[in-house]
Structure formats: C-alpha cells, structure tokens
Amino acid sequence: MIQSCRKLFRSDRCPNLHRKKPAYLEAGQRGFPEKSTRQKINYHELKHLSKVPQRPHKPTIDGQSTPTRIPVDAQTVRLSLVDLDSAEAHRTLEDAIEFASQILSVDTDGVEPLYTVLERDRLTLREDRVSDRNIQQDVLRNARVTEEEKPGNIPLEQEPRK
C-alpha cells in the first residue's frame, strides 16, 4: 500500500514527501531529544514558596497610595442611612468611605459624562413642559411629619435602650 502511494505521489508532485529529518532524529532516535532544554528549578532557593503575597497588598492608583481614614461625625452617620451603634459598625463605615474615595484619584479628563446606563438604547422621553402650578405645598400636606433634611432610616429622636 505504501509503495503504491509513493508511486501516486512522486517527489515532483509532492515535494514534502522526501524532506529531511530533524537533526535529533537522524541517528535513529525516536521522539524528542534525550536532554531536555528546560531548566530545573530549585524550590528551596526561592524567596517565596507560593504565589500568595506574604504581606498584605496596599492598592495604589497611578502610584498614589489610597487616602487616609476619614473620621465619621454625626452628620456622616445620619447620611449613611444606617444606625451605627457599635465600634465595629463605625469601622465598617470608615472602610467603605476609604474604599469609595479611591475614585477621587482617577483621571476623568476627556471622558464624556454618562447620563443613563442605557445610552445605546433609544429612550422615549416625555416633553419637558413648564408648569405654572406650585404644587409643593399640596405634596407636603400628604406627609405626616416634615423636616428640612432627609433623615434616612434613623429616627431623629431615639428612645434610650434598656
């Protein structure tokens, strides 16, 4: 069978049929060369035995370290919409503020503002008509209690805990 295939595919029709063997196969060897070209790694000489860092990583943006901790005052607690009754809750809020303040160091020059998350979709908008009606008082009459600022979900006057 092989002989008949060689007759059909003569060297003038198929030049790759009689190509030269690689140097490591010329001496009758099979497969890959005996000596590996890979270097052996001595794991005892490595500085770090694992890819997990040995010390905590302090994230930076553009070589700047993250800002220092911002103290939480009464107004910040009120704006946080959470009742912070323990030291752990204060630490959690400070951590959240520190994490979110990283965005202040991002360069946004030349970036168009995003006005909707659906910018690629066609949105139908109502016509913007000016109304002379002053309905603020009508809306405020519906509320049981009104304050100058939004209190969040924390009551302004709290009963002492027992």
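Every number here is computed from the coordinates shown, using simple stated rules; none is lab data. Worth saying up front: this structure is predicted, and the values here are computed from it rather than measured. Neighbour counts are summed over all protein chains in view; Cβ atoms, including those assigned to glycine, are modelled from backbone coordinates with ideal geometry.
Conditions tested, residue by residue: (1) of a type in the set (Gly, Ala, Ser); (2) farther than 28 Å from residue 160 by Cα.
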{"residue": "85", "(1), (2)": "no, no"}
{"residue": "100", "(1), (2)": "yes, yes"}
{"residue": "104", "(1), (2)": "no, yes"}
{"residue": "111", "(1), (2)": "no, yes"}
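Taking only segment 79-130 into account, find how many residues are exposed (fewer than 10 other Cβ atoms within 10 Å of the Cβ) and in contact (Cβ under 8 Å) with a residue 60 or more places away in the chain.
0
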